[in-house]
Amino acid sequence: MARSKLGTSGMTRRSFLGTSAISLMGATALPGVARKLETAGITADLSSTPTPVNRMIFGQFIEHFHRQVYGGIFEPGSPLSDKMGLREDVIAALRELGVPVVRWPGGCFVSAYHWKNGVGPERVRSYDKAWKVEDPNTFGTDEFVTWCRRIGAEPYICTNAGTGTPEEMSDWVEYCNLERAGQYARMRRDNGYVEPHNVKYWSIGNENYGAWEAGAKTVEQWGYFVRESAKLTRFVDPSIKLFAAANADRTWTMPLLERAGRYLDYISIHGYWDPLWQDNNVSDYLTCMMRSVQPEAQILSTVEILRDAKLADRVKIAFDEWNLRGWHHPGHGDIGKSDALLKARDKNDLNETYTMADACFSACFLNACIRQAEHVHMANMAPVVNARGPLFVHPQGLVKRTTFHVMKMYNDLLEQQMVGANITGASLDHAGASIPVLDAVVTRSEDGRTASVAIVNRHPDRMLPCRLAIEGLPRDAQTTVTTLSGDSPDAYNDVDKPESVVPETRRLRAFDGSLALPPHSVSIVRLKA
Ligand code: AHR
């Protein structure tokens with residue numbers, strides 16, 4: 001029996017929930033479900049002190065890499081695009097997803113990107129030193145902000161702290177946010193954008209600690225560079241929210257916080273848990289599940305650094321690139337390139353890669369952010385379109401991958417506040433490691449009359465009976481369950497089978513607290529007074 005140490009509220013009073021079993025749809029029909037696990041338990045008390053969940057954790061990221069921007073969200077001349085070249089079907093899908101924020105333009109791309117190449121009527125093609133291809137610069141700041149507003153998301157701009165300067169960053173802030181003072185504000189107006197873009201979120205740099213990054217910095221340089229960048233950008237617009245590239249390693253992040261922490265609102269951390277940069281040997285379902293506890297460990301290590309720097313109350317974590325699967329770009333960071341290396345990037349777009357492993361892992365990632373809601377105030381899945389993203393876009397249309405459905409379920413169905421939960425249940429053992437088979441978080445509405453519980457059954461082939469006991473709701477609370485499971489751990493959606501894995505919702509009549517969670521599934525149970 002593995003007992004999760006992550007939920008803390010505990011529960012002593014008896015819940016209203018009874019004992020008879022109700023199966024979720026699909027549970028009894030699935031192959032291999034006959035063997036059940038021991039009953040797991042989720043208990044929570046809605047009157048315990050809640051923590052607000054920042055909805056920015058459902059954010060996304062888009063980079064000038066391969067077919068994410070060009071041939072992804074932006075395709076001038078396509079019958080599916082508007083006059084600006086923005087793919088309308090992609091906009092509709094992302095509106096449906098309810099994306100709150102998008103980070104752009106990189107990633108590694110930004111560390112040698114000069115924003116002035118991407119504005120105005122004359123766009124000159126430039127060489128993208130990070131990805132060793134030419135960028136037409138036809139998608140730049142104005143197109144990005146317009147696109148964000150169309151999908152209903154806040155734009156979040158990551159600046160060039162590699163080959164760029166604090167002054168170039170502050171010019172970018174001026175271009176976006178000043179009404180008319182300054183040559184760059186006037187440049188924006190001359191480009192047809194009379195109103196300021198009002199970009200609130202700005203990051204100083206991307207992974208500048210990494211040897212692969214253009215213009216990487218040393219620990220000694222970074223804190224001072226961030227401090228000067230923060231000063232210059234804030235001289236232009238004091239209202240902006242500032243981030244800086246950090247990680248869970250205190251040798252990098254502590255000097256940053258000591259030198260520049262007082263200027264920062266967030267520190268950015270990144271995580272990809274199936275490292276596929278060089279070889280695209282994607283890990284199997286169980287291997288991915290065993291790694292699904294790692295994001296929370298990374299968050300907790302980062303919080304420890306923030307606490308030691310005495311900044312945890314004020315500086316929050318933006319997990320502003322995350323994905324189970326690392327992007328495949330062999331040779332990145334090395335000198336030289338070949339057509340074969342560039343061609344290998346096509347492998348990122350193989351839809352069979354994105355299975356229930358991706359769905360369950362993503363749900364566990366979001367659960368970790370929700371449990372640590374006090375500290376994690378933004379997260380951005382990387383990327384949103386093509387490569388490892390939740391949406392696969394091709395010239396004729398798009399496919400919603402398994403992760404699209406998870407992101408939408410969480411965004412649509414979870415409530416605004418997290419309450420601590422006590423989780424019990426069997427363990428999942430593989431390759432000498434052991435993790436809880438069940439992962440869950442409990443959220444509640446601000447008025448305390450609705451509870452919404454996100455639950456992952458990580459087991460590849462066993463149905464998981466589960467007792468859900470929520471204190472603080474009446475006996476006759478209306479209960480619905482939405483479940484995503486697919487017919488195998490390796491189930492995925494593709495162009496010729498776009499609805500192989502889709503969520504199903506069922507209303508449970510006279511719910512008594514007993515659930516039967518299908519193997520390899522993500523469920524959200526909503527109880528409404
Ligand atoms: O593999 C994609 C890259 O991952 C992003 O550009 C970078 O920020 C991260 O290292």
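Bear in mind these aren't lab numbers, they're just calculated from the coordinates by the rules spelled out. Just so it is clear, the model here is predicted, and its values are computed rather than measured. Here the Cβ is made from the backbone with ideal geometry for all residues, glycine too, and neighbour counts use every protein chain on show.
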Task: Hits among lysines - C-alpha to C-alpha of residue 497 under 16 Å, sequence gap 8 or more where chains match - done: 400
Open item on the list: Please state the shape class of the stretch 260-326: rounded when a/c is under 1.5, otherwise prolate if a/b exceeds b/c and oblate if not, all from the C-alpha gyration tensor.
Closed with: prolate
Open item on the list: Please compute the contact order of the stretch 31-162 in relative form: average sequence separation of alpha-carbon pairs under 8 Å and at least six residues apart, divided by the residue count, as a percent.
Closed with: 24 percent
Open item on the list: Explain nothing, just compute: Karplus ³J(HN,Hα) = 6.51 cos²θ - 1.76 cosθ + 1.60, θ = phi - 60°, for every residue of the stretch 471-477 in order, whole Hz, x for Gly and Pro.
Closed with: 7, x, 10, x, 4, 9, 4
Task: For the stretch 363-448, share of DSSP beta bridges that run antiparallel, in % to the nearest 5 - done: 90 percent
Task: Unit charges at the beta carbon, dipole of the chain: most positive-side option, 379, 470, 330 - done: 470
Open item on the list: For a test of the definition: using alpha carbon positions, the gyration tensor, and the 1.5 limit on a/c, classify the stretch 307-372 as rounded, prolate or oblate.
Closed with: oblate
Task: Cα principal axis extents for the stretch 246-389, largest first, Å - done: 48, 36, 23
Task: Per-selection metrics, the stretch 161-224 (Cα): Rg and Dmax in Å - done: 14.6, 42
- [ ] Classify the stretch 137-272 as rounded, prolate or oblate, taking a ≥ b ≥ c as the square roots of the eigenvalues of its Cα gyration tensor: rounded when a/c is under 1.5, otherwise prolate if a/b is larger than b/c and oblate if not.
- [x] prolate
- [ ] Rank by packing, highest mean first: peptides 188-201, 252-265, with packing defined as the count of other Cβ atoms within 10 Å averaged across residues.
- [x] 252-265, 188-201
Task: Alpha-carbon gyration tensor eigenvalues x 5, square-rooted, for the stretch 44-203, Å - done: 27, 20, 17
- [ ] Run the numbers on the chain and let me know its relative contact order in percent, using alpha-carbon pairs under 8 Å that are six or more apart.
- [x] 24 percent
Task: Candidate aspartates and glutamates for bridging to residue 408, where Cα separation is under 13 Å - those fewer than 8 sequence places away on the same chain excluded - done: 96, 504
Open item on the list: If you take every DSSP beta bridge fully contained in the chain, what fraction is antiparallel? Give it as a percent rounded to 5.
Closed with: 60 percent
- [ ] Starting from the Cα of residue 337, draw a straight line to each of the lysines and keep only those under 24 Å, dropping any in the same chain fewer than 8 residues away.
- [x] 129, 132, 217, 347
- [ ] Calculate one ³J(HN,Hα) per residue across the stretch 95-111 by plugging θ = phi - 60° into the Karplus curve 6.51 cos²θ - 1.76 cosθ + 1.60, and present them in order as whole Hz with x for glycine and proline.
- [x] 5, 4, 5, x, 5, x, 7, 10, 8, 7, x, x, x, 3, 3, 6, 6
Open item on the list: Can you order the peptides 362-374, 210-222, 391-403 by their average number of other Cβ atoms within 10 Å per residue, highest first?
Closed with: 362-374, 391-403, 210-222
Open item on the list: Can you give me the angle between helix 219-236 and the longest principal axis of the chain, using Cα atoms only, in degrees from 0 to 90, rounded to the nearest 10?
Closed with: 80 degrees
Task: the stretch 55-413, Rg to Rh (Cα coordinates; Rh as Kirkwood inverse mean 1/r) - done: 0.94
Task: Whole-angstrom gap from the stretch 385-416 to the stretch 158-209, using each part's C-alpha centre - done: 30 Å
Task: Helix-only [θ]222 nm of the chain, DSSP H runs n ≥ 4, -39500 (n - 2.57) each, per residue, nearest 500 - done: -7000 deg cm²/dmol
Task: Calculated on alpha-carbon atoms, Rg and Dmax of the stretch 438-517 in Å - done: 14.9, 46
TODO: Quote the charge dipole size of the chain about the Cα centre in Debye, to the nearest 20; the model charges only the Cβ of Lys and Arg (+1) and of Asp and Glu (-1).
DONE: 1160 debye
Task: Table column - 3J(HN,Hα) (Hz), the stretch 303-313, Karplus curve with 6.51, -1.76, 1.60, x for Gly and Pro - done: 4, 4, 5, 4, 5, 5, 7, 6, 10, 4, 6
- [ ] Let me have the relative contact order for the stretch 374-529, percent, based on Cα pairs under 8 Å that are six or more residues apart.
- [x] 25 percent
TODO: Identify, among 501, 74, 353, the residue whose Cα sits farthest towards the positive end of the charge dipole of the chain, taking +1 on the Cβ of Lys and Arg and -1 on the Cβ of Asp and Glu, with the dipole about the Cα centre.
DONE: 501
